[in-house]
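FYI, it's all coordinate maths here, none of it is from the lab. Note that the structure is a prediction, hence the values are computed from the model and not measured. Backbone-built Cβ (ideal geometry, glycine too); neighbour counts: all protein chains shown.
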Amino acid sequence: MNILVCVSHVPDTTTKVAVGPDGTSINPTGVKFILNPYDEFAIEEGLRQREAFGGTVTTLTVGTEQSKDVLRTALAMGSDKAILVKDDVRADSFVVAQSIADAAAELKPDLVIFGRQSIDFDSFQLPSMVAELLQWPCVTMVSNVSIAGTAITCERDIEGGKETISTSLPCVMSAQKGLNDPRYPKLPDIMKAKQKPIDERPASTAQPRVATVAMSLPDQSRLGKMFSDSDADLDAVVTLLHEEAKMI
Ligand SMILES: Cc1cc2nc3c(=O)[nH]c(=O)nc-3n(C[C@H](O)[C@H](O)[C@H](O)COP(=O)(O)OP(=O)(O)OC[C@H]3O[C@@H](n4cnc5c(N)ncnc54)[C@H](O)[C@@H]3O)c2cc1C
């Protein structure tokens, strides 16, 4: 079974993100980037299916030279091959999806696995878009999967319960948290991954369909204030409730 796993390079959730001078993008200076957490489940599932059925796991990301870090993590976990689709200009989800679909059309995997969402732009769009571009079935938010021949049965989380879906390979699926327990790469594998080749290919020349108009950080004036239980702080709370919040 040949599996294509798509991964995203996202800002670490503990990083303080700032909006860039153009007002429509993130200022990457000082931002620590990591492998999108949901994509760890996608990589792990690819490796488990390869261990069960043989074949190869290829990990792909659409991004910049810096995005190679997440491919190295995938290689250290056990991915056989890695591909960087080089996209230095700002793309929308559609262009990213088209680049992935172009690569999939060439690689002809039996299964394309995504994480359920990227934790930076949170669009939840790529798995469905790629499936549509390939004209393949798509099952999202998968929490359990079993494959027999070309039949694939997926359990997915729905509000208040589970839904079981069956379809056939080739197909696209996205991994929900809990699908598996991702393995930690061992130090020797991390070292070996640094030497492994990463194939590069150009991004799709498709035109973006949406444009970011503005980006802003949450309203700072609504941030909570911390008080102790000292008499002075209790007085301060009463004063603020009276004069600032005008609640009493
Ligand atoms: C270099 C670059 C710069 C960008 N800058 C901006 C920007 O400033 N503002 C903006 O609004 N958008 C930007 N984008 C677009 C944004 O990153 C895309 O929307 C994103 O790649 C897809 O995100 P999504 O939220 O649709 O993914 P989702 O559909 O939420 O992600 C689901 C899954 O898709 C996979 N995936 C997500 N991203 C990628 C990827 N790049 N490569 C491979 N697999 C992926 C992962 O498995 C992920 O778990 C940029 C894209 C690129 C490549």
| Three-way shape call for segment 84-136 based on the alpha-carbon gyration tensor, with the a/c threshold at 1.5 | oblate
| note | Taking a straight Cα-to-Cα line shorter than 16 Å from K86, and setting aside same-chain aspartates and glutamates fewer than 8 residues away, one finds E65, D69, D102, D199, E200
| Hey, can you rank 56-65, 22-31 by average C-beta count inside 10 Å, highest first? | 56-65, 22-31
| request: Enumerate the aspartates and glutamates that K16 could reach by cross-link, defined here as Cα to Cα under 13 Å, with residues fewer than 8 away along the same chain left out. | output: D120
| Does segment 101-227 classify as rounded, prolate or oblate by the C-alpha gyration tensor (a ≥ b ≥ c root eigenvalues; a/c under 1.5 gives rounded; else a/b over b/c gives prolate, otherwise oblate)? | rounded
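Quick one: grab the alpha carbon gyration tensor of segment 36-100, order the square roots of its eigenvalues as a ≥ b ≥ c, and give me rounded if a/c is under 1.5, else prolate or oblate depending on whether a/b is larger than b/c.
Note, shape of segment 36-100 comes out prolate.
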| Which of R72, R156, R183 moves most in a GNM of the chain, Cα contacts under 10 Å? | R183
| query | For segment 3-202, what is the relative contact order in percent, using Cα pairs closer than 8 Å and at least 6 residues apart in sequence? | reply | 25
| 5 angstrom amide H check on A18, placed H, neighbours 5+ away | N27
| task | Give me the distance in nm between label points sitting 7 Å out from Cα along the Cα-to-Cβ direction at D231 and K196, one decimal. | result | 6.7
| field | For S204, distant residues with modelled amide H under 5 Å away | value | S99
| query | In percent, what relative contact order does segment 112-241 have, based on Cα pairs under 8 Å that are 6 or more apart in sequence? | reply | 20
| So what J values fall out for segment 16-30 if you push phi through Karplus, 6.51 cos²θ - 1.76 cosθ + 1.60 with θ = phi - 60°, rounded to Hz, Gly and Pro as x? | 7, 8, 10, 7, x, x, 6, x, 10, 9, 7, 7, x, 4, x
| Add -39500 (n - 2.57) for each DSSP H run of 4 or more in the chain, then divide by its residues: what number comes out at 222 nm, to the nearest 500 deg cm²/dmol? | -9000 deg cm²/dmol
| query | Looking only at D231, D181, D80, which one moves most when the chain is put into a Gaussian network model with springs between Cα atoms under 10 Å? | reply | D231
| note | Sorted on mean Cβ neighbours within 10 Å (highest first), peptides 39-50, 134-145 come out as 39-50, 134-145
